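A.B. asks: Once you've had a glance at the structure underneath, I'll fire off some questions.
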Amino acid sequence: MAEVKVKAQPPDADPVEIENRIIELCHQFPHGITDQVIQNEMPHIEAQQRAMAINRLLSMGQLDLLRSNTGLLYRIKESQNTGKMKGSDNQEKLVYQIIEDAGNKGIWSRDIRYKSNLPLTEINKILKNLESKKLIKAVKSVAASKKKVYMLYNLQPDRSVTGGAWYSDQDFESEFVEVLNQQCFKFLQSKAETARESKQNPMIQRNSSFASSHEVWKYICELGISKVELSMEDIETILNTLIYDGKVEMTIIAAKEGTVGSVDGHMKLYRAVSPIIQPTGLVRAPCGLCPVFDDCHEGGEISPSNCVYMTEWLEF
C-alpha cells in the first residue's frame, strides 16, 4: 500500500478563484443557483468567504439576485454573453449559440455542422476565430481521445468529458483509485473500532460507527494524497465501490436545510461492516454485479480472460 503523509490544512482559497468557480456554476445552471449548490460544490470554503465572493460579483454587476419559492437565486447576467459577440457576423453568432447551448458537456464539430448547415471549412474557420478571441475552447474527451468537443471558454468541463478526478491525460488512474479506496475504508474501520471501544449499548455503538460523506471527504483532504481537488461526489463514488464489495453499508437520514453534507434535506451515512459468514463461491461470482456485463466478450477490451475480478474468484 502506498505510503501516506499527513500535511497541514491548506490555506484559504484565492477570492478570485472562488468568484470564477461561482461564475462557472452559473453558466452550468442558467436558471440560477442557490447558496446550497455553491456550498455543495465548494464544501471547503467558509460561509464568510462565499458571501464575500457573491457580494463582490453582485456589486460588479456580473450576477442577478432573484427570489424564488426555494429562496434566493444567483444568475449570470445575460448582457455578458451578448456583449462578447458584438461585431460578429450571423454565422459566427449561430455557431457560438450552438456551442453555448451544449453547456459544459461540449459539442463535436460534426454536430455543429449538422445544426448550423454550414460547410465544414467555414465551421473550422469560425471555431479558430472564436478560440483566438477566448470565447470558446476545445477539450479532449475521454470517450474519444482523438476528437475534441467545444464549449464556452469559462466553463469547467463535465465529468463525462474529462473523466473527473480518476483520469489524467485520458488515462485511468487505477492506482490512485485503489489508494483512495483503502483510505476511505480505513477511516470507516477506525470509526467502527472507536464505537466498539466506547462500551455503550449496541444501538449507540451502531449509530456512532456511521460517518457522513463530508467527514470522509475531510479526512481524505487532510491526508493530502490527491494532487487534484476532490469533491464529495468523488468520495461518494469511492464509497459506492466499497458498498459493491460488501465492505460498507449506507443509510440515508433526514437533515436540516443547510447542514454540511446534506442535499435536499437528506444526508448519506456510511459504516464499515463485516459479514457474519463468507458467501459461497457461486454467490461471489463477479458477473452478477458487473456494471459492464453487456460489453464483456472474448476478444474485446473487456473480456473474461483479462478480468481481475474473475481471476480472484477462480482462485477463491
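A.B. asks: Relative to the longest principal Cα axis of the chain, at what angle does helix 120-132 sit, 0 to 90 degrees, rounded to 10?
C.D. replies: 80
A.B. asks: Next question. Cβ under 10 Å from Ser231's Cβ, Ser231 left aside: what net charge do those residues give with Lys, Arg +1 and Asp, Glu -1? Spell out each step's value before the answer.
C.D. replies: Details: positive: Arg159; negative: Glu41, Glu229, Glu233, Asp234, Glu236.
Taking every other residue near Ser231 into account, the sum is -4.
A.B. asks: Between the DSSP loop rule and a limit of at most 16 other Cβ atoms within 10 Å, which GluC sites (Glu not before Pro) in the range 11-58 are left?
C.D. replies: Numbers: sites: Glu17, Glu19, Glu24, Glu41, Glu46; in loops: Glu46.
Filter output for the range 11-58: Glu46.
A.B. asks: For the chain, what is the mean residue ellipticity at 222 nm derived from helices alone (per DSSP H run of n ≥ 4: -39500 (n - 2.57); sum divided by total residues; nearest 500 deg cm²/dmol)? Before the final figure, lay out each step's value.
C.D. replies: Working: 13 runs with 142 residues, N = 316.
About -13500 deg cm²/dmol.
A.B. asks: Connecting C-alpha atoms closer than 10 Å in a GNM of the chain, tell me which of Gln183, Gln48, Gln62 has the biggest fluctuation.
C.D. replies: For the chain, modelled as a Gaussian network with Cα springs under 10 Å, the answer is Gln48.
A.B. asks: Another one. Tally Lys and Arg at +1 and Asp and Glu at -1 over the other residues with C-beta under 12 Å from the C-beta of Phe185: what net charge comes out? Walk me through the numbers before you get to the answer.
C.D. replies: Working: positive: Lys186, Lys191, Lys247, Arg271; negative: Glu178, Asp245.
Around Phe185, the surrounding residues sum to +2.
A.B. asks: Any idea what the relative contact order of the range 15-76 is, in percent, if you count C-alpha pairs under 8 Å spaced at least 6 apart?
C.D. replies: Numbers: 55 pairs, mean separation 26.3, N = 62.
Relative CO of the range 15-76 lands at 42 percent.
A.B. asks: What residue among Asn20, Asn55, Asn69 has the largest mean-square fluctuation in a Gaussian network model of the chain, using Cα springs under 10 Å?
C.D. replies: Asn69
A.B. asks: For Val248, enumerate residues with amide H under 5 Å from its amide H, sequence gap 5+ or separate chain, H modeled in the peptide plane.
C.D. replies: Ile243, Val273
A.B. asks: For the range 190-281, which trypsin sites (Lys or Arg not before Pro) are both in a DSSP coil and crowded by at most 10 other Cβ atoms within 10 Å?
C.D. replies: Lys199, Lys227, Lys256
A.B. asks: Whole-Hz ³J(HN,Hα) for each residue in the range 295-309, computed from phi via Karplus 6.51 cos²θ - 1.76 cosθ + 1.60 with θ = phi - 60°, x for glycine and proline: what do you get?
C.D. replies: 9, 8, 7, 5, x, x, 5, 10, 8, x, 6, 10, 7, 5, 5
A.B. asks: For Trp108 paired with Ser132, estimate the spin-label separation in nm (one decimal), with each label point 7 Å from Cα along the Cα-to-Cβ line.
C.D. replies: Here the answer is 2.8 nm between the modelled labels.
A.B. asks: Can you give me the long-range amide H partners of Ser212? Hydrogens built in the peptide plane at 1.01 Å from N, cutoff under 5 Å, separation of 5 or more residues or another chain.
C.D. replies: Tyr270
A.B. asks: With a 1.4 Å probe and all protein chains left in place, how much of the accessible area of the range 128-167 comes from carbon and sulfur atoms, in whole percent? Kindly include the intermediate steps, with their values, before the conclusion.
C.D. replies: Details: 1030 of 2180 Å².
Solvent-exposed carbon and sulfur of the range 128-167 make up 47 percent of the total.
A.B. asks: Springs between alpha-carbon pairs under 10 angstrom, Gaussian network model over the chain: which of Ala138, Ala285, Ala195 fluctuates most?
C.D. replies: Sorting by GNM fluctuation, first place goes to Ala285.
A.B. asks: Taking amide hydrogens as modeled 1.01 Å from N in the peptide plane, which residues meet the under 5 Å criterion relative to Ile225, leaving out close sequence neighbours?
C.D. replies: Counting only residues 5 or more places away or on other chains, the set is empty.
A.B. asks: So what's the angle, to the nearest 10 degrees on a 0 to 90 scale, between helix 47-59 and the longest Cα principal axis of the chain?
C.D. replies: Computed tilt is about 10 degrees.
A.B. asks: Work out, step by step, the length gained on full extension between Thr34 and Arg196: first 0.36 nm times the residue separation, then minus their alpha carbon distance; give nm to one decimal. It would help to have the intermediate numbers written out before the result.
C.D. replies: Values: separation 162, 0.36 × 162 = 58.32 nm, distance 3.99 nm.
Difference between extended and current length: 54.3 nm.
A.B. asks: Using alpha carbons only, how many degrees (0 to 90, rounded to 10) separate the axis of helix 90-102 from the longest principal axis of the chain?
C.D. replies: The angle comes out at about 10 degrees.
A.B. asks: So, one more: Okay, which of the range 159-186 sit inside 19 Å, backbone N to the point 7 Å along the Cα-Cβ direction of Lys115?
C.D. replies: Backbone N within reach: 159-162.
A.B. asks: Separation between the Leu66 and Asn207 pseudo-spin-labels, each 7 Å from Cα along Cα→Cβ, expressed in nm?
C.D. replies: About 4.1 nm, to one decimal.
A.B. asks: If you plug each phi of the range 188-193 into the Karplus form 6.51 cos²θ - 1.76 cosθ + 1.60 with θ = phi - 60°, what whole-Hz ³J(HN,Hα) values come out, in order, with x for Gly and Pro?
C.D. replies: 5, 5, 5, 5, 5, 5
A.B. asks: Additional query: For His266 and His44 in one chain, what is 0.36 nm times their gap in residues minus the Cα-Cα distance, to one decimal in nm? Show your work: numbers first, answer last.
C.D. replies: Details: separation 222, 0.36 × 222 = 79.92 nm, distance 1.95 nm.
Separation in residues times 0.36 nm, less the Cα-Cα distance, equals 78.0 nm.
A.B. asks: From the phi of every residue in the range 225-242, what ³J(HN,Hα) in whole Hz does the Karplus formula 6.51 cos²θ - 1.76 cosθ + 1.60 yield, where θ is phi - 60° and glycine or proline is x?
C.D. replies: 8, 10, 7, 10, 6, 9, 9, 5, 5, 4, 5, 5, 5, 5, 5, 5, 5, 5
The values are calculated or read from the model by the stated rules, or taken from the named source; none is laboratory data. Here the structure is a predicted model, which means the values were calculated and not measured. Every residue, glycine as well, gets a Cβ built from its backbone with ideal geometry; the counts of neighbours run over all protein chains shown. Surface accessibility is based on the protein's heavy atoms, side chains included, excluding ligands, DNA and RNA. Shrake-Rupley method; radii C 1.70, N 1.55, O 1.52, S 1.80 Å.
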